[in-house]
Amino acid sequence: MAVLLAAGYYILSVAVFILLYNASRRRQRLPPGPKGLPLIGNLFDVPNDYAWLRYKELGQQYGSDIVHMQALGNHILVLNSMKAAVEILDKRADISSDRQSTMMLDELSGLGRAWTQLGHNDSWRIHRRLFHQHFRPSAISQYHTKQTKAIRRMLSFLRESPAQYMDHIRFMAGSMILDVVYTLDVQPGDYRIKLAEMVAHVSTEVFTAGVWMVDMIPMLRHLPTWFPGAGFKIQAAKWKTTVDRSYDIPYEQFKASMHEGGGEPCLASALLSSAEDVEELERMDKVYSSLTGTAYIAGTDTTVSTLASFVLAMTIFPEAQLAAQAEIDRVLGGTRLPDINDKANLPQVTAILYETLRWNPVLPLALPHRTTADTSYDGYYIPAGTVVLGNSWAILQDETLFPEPQLFKPERYLNGDGSLNSSAHYPIETFGFGRRICPGRYFAQDAVWLAIAHILAVFKIERARDGDGKEIVPTPEFTARIVSMPKPFECKFKVRSPQAESLIESAALGG
Ligand code: HEM
C-alpha cells in the first residue's frame, strides 16, 4: 500500500510540475503551431512521413515561416524560410549547433559512434577540424583520381546490366569511399560494402520506428532482456554489433597493414601517421576510427540518393539531358571521357548538378540542431534545448526563390549565353546549416559532377515502354523518412554511339 501511495504521489508531482512548467512557458510568446493536449503536448501532431511537407503546410496554415511544437516537454522548432534558417542557424550558430542525444540512437544501437551525433563541444571541434583538413576545397583534388576510377568502372557495369543501375550506382559510391578512406580495392559483393549497407538499414530501422519508449524513459535501458517489453534491447544489441563491425573491421585491417609496412595514402594513413607518438595514437584511436567510419556512413547513401534523383530527372525531363550532351560533345568531341579539369567548360553539367541538389534534397530536414541558450525570432521566444529543424526542402521549393519549383530546370543556374549565372541562389541548404553544414560537400559535389558528366557522355537515359510500346513517364515519388530517395522506377541506359562504346571499353582497361 505504501508503495502504491508513493507511486501515486510521484505521478501527481510530475503531472503538477509539467502543468506548471507549461503554464509558465505559455506566458512567453512561443512561435505559432498546433495546440497540444495536456501533458503530452503535440506528441501525436509530430509527423513521421513526409514531415517536411507537413511542416510547410503548417507554416502556411499559421501564416508564419517558423512552426513550433512541444512533445512531452521538448520543444521542436521548424524553420521553413531561408531568412529564418540564416537568422537562427547561421548567424546564431554559437547557440544553435548542438545535437539532441537519444538513448536508442546514441547508445543502444551504436549509431552514436558517428561524430555527426556529437554535441557542440570540444570533442566535436576536434573531429570537425581534422575532417576539414582532409576534405576542405584545397585538399580534395587528391581524391579526383580515385573518384574518376570508381565512376569509370561503373560505366562498364551499366553497359553490361543497365536494369540494375541502382546496384551499380550504390557499388560505385561505396567502393569510391572505401578507396579514399582505406585504399581498399573492393569487388561487388565485398563484405565491407555489405556491412555499410547494413548500417544504412539500421539507421532506417531506428528512425522508421518513430519515438522509442526508452528515449522517453531512459531508465528502461536497465531492464533485463527477458523482461516483457524489453525486446528492443535484444534488437538494439544486434544493431550495435553490425555498427561496431562496420567501423572496426576496415579500420583494424588498415592498421594491421600499416604495421606490415603497407598502408597506401588515404584518409586512414594520413590520420594515423599524423600522430606524433604511440601515446597520441592510442589517445586518438577512437577519434580516427569515428572519422574514417563516419566518412563512409555519411557519404555513401547521400551520394547514391543524389545520383538516383539525377537519373529520375533525366528520365522525366529529357530536354535537360539533350542540352548537356550537346555541350559535352562540343567540348570533348566524342574522343575522350570527361575529367574534373573540364568543369569550367561544361556549365550545363554543373547546372544539372545544382538542380539535382535542389530538386530533391537527400535530407529534406537536414539533421536536427539543438539550441543551448534562450533566443528569439520575430518577437517569438525560443527556449534553450529546442530541437531546430531547418526545412531544406521547403526553402528549395520556395517559388519566390525558384519559380515552378517542382520542375527540373537547370537553366535557373545559367545565363542566356549558357555560362553559369553567379547570381542564382546555389542550393547550399541541401547540405544543411551553420556550423554543422556538411563538411563532405566539396568532395560530394565533385563526385556527383564527375558521375553526371561521365554518364551523359556515353549513355542516353531513356524512358521504358509499356506493352503497347508507349513511353512510361515515371511519377517523381520519394521515400518518406530521414533520407529521401527516389522510389524504384524504370528507365533505360543506352550506349550513345560506337565511339561511346569504345570509350567505355578503354575505361574498363584503365584507359
Ligand atoms: C550529395 C551528398 C551529400 C549530402 C546531400 C549531404 C548532406 C548533409 C547534411 C544535410 C548534413 C547535416 C547538416 C546539418 O546538421 O545542418 C550533413 C552532415 C555531414 N556530412 Fe554530408 N552530405 C553529403 C555527402 C557527404 C560526404 C561524401 C561525406 C564524407 C565524405 C559527408 C560527411 C558528413 C559529416 C561528417 C556530417 C556531420 C557534420 C557535423 O555534424 O558537424 N557528407 N551532410
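The values are calculated or read from the model by the stated rules, or taken from the named source; none is laboratory data. Predicted, not measured: the structure shown is a model, and the values here were computed from it. Every residue, glycine among them, receives a Cβ derived from its backbone with ideal geometry; neighbour counts consider all protein chains shown. These area figures cover heavy atoms from the full protein model, side chains too; ligands, DNA and RNA do not enter into them. Shrake-Rupley method; radii C 1.70, N 1.55, O 1.52, S 1.80 Å.
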Query raised in the report: Within straight cross-link reach of Lys56, meaning Cα distance under 19 Å, which lysines are found once same-chain residues fewer than 8 apart are removed?
Result: Lys35, Lys83
Requested in this report: Starting at the first residue of region 361-375, write each ³J(HN,Hα) from the Karplus equation 6.51 cos²θ - 1.76 cosθ + 1.60 with θ = phi - 60°, in whole Hz, x for Gly and Pro.
Outcome: x, 4, 10, x, 10, 6, 10, x, 9, 8, 7, 10, 8, 4, 8
Report task. Quick one: check the C-alpha center-to-center distance for region 201-267 versus region 111-125, whole angstrom. Result -> 16 Å
Requested in this report: Find the centroid of the Cα atoms in region 181-196 and in region 359-415, then give the distance between the two in whole Å.
Outcome: 35 Å
Query raised in the report: What is the log10 of I(q)/I(0) for the chain, computed with the Debye formula using one identical point scatterer on each Cα and no solvent, at q = 0.05, 0.11, 0.13 Å⁻¹?
Result: -0.22, -1.03, -1.37
Query raised in the report: With contacts defined as alpha carbon pairs under 8 Å and 6 or more residues apart, what's the relative contact order of region 132-194 in percent?
Result: 27 percent
Query raised in the report: Among Leu30, Ser141, Gln325, whose Cα lies farthest out toward the positive end of the dipole of the chain, if unit charges sit on the beta carbon of Lys, Arg (+1) and Asp, Glu (-1)?
Result: Leu30
Query raised in the report: So between Tyr380 and Ala344, what do we pick up on full extension, going 0.36 nm a residue minus the alpha carbon distance?
Result: 8.4 nm
Query - Contour excess over end-to-end distance, with Cα ends at Ala270 and Ala424 and 0.36 nm allotted per residue - result: 51.7 nm
Query - Distant-in-sequence amide H partners of Ile472 (H built 1.01 Å from N, under 5 Å) - result: Ala464, Arg465, Asp466
Requested in this report: Towards the positive end of the charge dipole of the chain, with charges on Cβ (+1 Lys, Arg; -1 Asp, Glu), say which of Phe443, Ser497, Trp52 has the farthest Cα.
Outcome: Trp52
Query - Helix-only mean residue ellipticity at 222 nm for the chain, each DSSP H run of n ≥ 4 adding -39500 (n - 2.57), per residue, nearest 500 - result: -16000 deg cm²/dmol
Query raised in the report: How high is the relative contact order of the chain, in percent, counting Cα pairs under 8 Å that sit 6 or more residues apart?
Result: 22 percent
Query raised in the report: Sorted by accessible area (1.4 Å probe), largest first, how do Arg29, Arg125, Arg481, Arg221 line up?
Result: Arg29, Arg125, Arg221, Arg481
Requested in this report: Leaving out ligands and nucleic acids, note down the accessible area per residue over region 354-511 with a 1.4 angstrom probe, in whole Å².
Outcome: 42 Å²
Query raised in the report: At Arg481 and Ile217, where each label point lies 7 Å from the Cα along Cα→Cβ, what is the point-to-point distance in nanometres?
Result: 2.4 nm
**Report entry** Relative counts (whole %) of C-alpha pair distances in region 123-261, using bins that are 5 Å wide
**Finding:** 2, 8, 13, 14, 16, 15, 12, 9, 7, 4, 1, 0
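Between Ser138 and Trp226, what is the FRET efficiency for a Förster distance of 51 Å, r being their Cβ-Cβ separation, to the nearest 0.05?
Working: r = 56 Å, r/R0 = 1.09.
In this case the efficiency is close to 0.35.
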Requested in this report: Pick out, in residue order, every one of the chymotrypsin sites (Phe, Trp or Tyr not before Pro) in region 188-239 that is DSSP loop and has at most 10 other C-beta atoms within 10 Å; say none if there are none.
Outcome: Trp226
Requested in this report: Express the accessible area of region 182-268 per residue in Å², computed with a 1.4 Å probe while the remaining protein chains stay in the model.
Outcome: 57 Å²
Query raised in the report: Sorted by average packing, counted as other Cβ atoms within 10 angstrom per residue and highest first, what order do 151-159, 454-462 take?
Result: 454-462, 151-159
Report task. Only residues of region 80-114 count here: report those whose backbone N is under 12 Å from the spot 7 Å along Cα→Cβ of Met198, or say none. Result -> none
**Report entry** Sparse-neighbour loop sites [GluC sites (Glu not before Pro); region 266-324; at most 10 other C-beta within 10 Å; DSSP]
**Finding:** Glu276
Requested in this report: Please tell me which of these pairs span more than 24 angstrom C-alpha to C-alpha: Lys146/Lys492; Lys233/Lys487; Lys409/Lys487; Lys149/Lys494; Lys91/Lys343; Lys343/Lys492?
Outcome: Lys146/Lys492; Lys233/Lys487; Lys91/Lys343; Lys343/Lys492
Query raised in the report: Which FRET efficiency value, to the nearest 0.05, is calculated for Arg245 and Leu281 with the Förster distance at 22 angstrom and r the Cβ-Cβ distance?
Result: 0.50
Requested in this report: Report the FRET efficiency, 1/(1 + (r/R0)^6), for Ala508 and Asp49, where r is their Cβ-Cβ distance and R0 is 60 Å, rounded to 0.05.
Outcome: 0.90
Query - Cα centre as origin, Lys/Arg/Asp/Glu Cβ charges: the chain dipole, Debye - result: 860 debye
Query raised in the report: How many percent of the accessible area of the chain is carbon or sulfur, using a 1.4 Å probe?
Result: 57 percent
Report summary line: Burial-style ranking of 57-70, 436-449, 134-147, average other-beta-carbon count within 10 Å with highest first, yields 436-449, 57-70, 134-147
